[in-house]
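The values are calculated or read from the model by the stated rules, or taken from the named source; none is laboratory data. A quick note: this is a predicted structure, and the numbers were derived from the prediction, not measured. Note that each Cβ is placed from the backbone with ideal geometry, even for glycine, and that neighbours are counted across all protein chains shown. Side chains included, ligands, DNA and RNA excluded: accessible areas come from the protein's heavy atoms. Shrake-Rupley method; radii C 1.70, N 1.55, O 1.52, S 1.80 Å.
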Amino acid sequence: MNPSVKVFNGGLFHNSYNKQNIRVSNVDAEIRFRDSSFSSINLPESKFSNMLPDDKLMIAPNVKGAIEKLLSHPELVNRDSKEIFITDKNRDRLKKIISCYLPDEEYCSVEEDFRKSDIIDNDVVLVGRGSFRVITVYSVEIDEYKVPKQYLTIILLDPYHLFIPSNHRDKSKVKIVEETYSEVGKFGSHISKYFSFN
């Protein structure tokens, strides 16, 4: 196991911070992996999947490279970490996806604390941001010496940019989601089958 990978086994997040202080794209936080973050789901009604192909050789090079980079350099999650704005328009879909990773009471306590980060494998992605996103919860916890410590806890991996899709070139996000999900929705292997932080 990479000594820089910290595993977080759950429990409620305890936040006490001023949100205005983190409206920046770079956060200086310790990165933790939620123990379920390498589990995968497929939700056809939400057109979301983070499953991988059943044959390891069929994993897209950018996805494989991004996961390997994340495991060897988890601190990359701090770079370009952006706040996720949950609105009335996307709330139901995002909650349905996140509830596969967090219980309802925990989701409600951190709904305003979700962030996303791009993990780019520069050896594969030559232009742009690539598709791989990491979804985290930002928290500040006070230690026994009353010193605040910042954390970004990885909740789920979004290798295909389906969690919060965006328009790309001349295609709408709806069209991109339909096309992407039609390809990846048939995959059936958990990320943890091929990659592990243990």
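Pop a pseudo-label 7 angstrom from the Cα along the beta-carbon direction at both Tyr194 and Ser36 and give the gap in nm to one decimal.
Going by the 7 Å Cα→Cβ label model, 2.3 nm.
At a 10 angstrom cut-off on C-beta neighbours, averaged per residue, how do the peptides 160-172, 83-95, 60-72 rank from highest to lowest?
Output ranking for 160-172, 83-95, 60-72: 60-72, 160-172, 83-95.
At 1.4 Å probe size, with every protein chain present, just tell me what the per residue accessible area of segment 56-170 comes to in Å².
51
Using a 7 Å offset from the Cα along the Cα-to-Cβ direction at both Glu111 and Ser72, what is the distance between the two label points in nm, to one decimal?
Inter-label distance under the simple model: 4.1 nm.
Pairs of Cα atoms under 8 Å, at least six residues apart: use those to get the relative contact order of segment 67-198, whole percent.
Reported as a whole number, the value is 19 percent.
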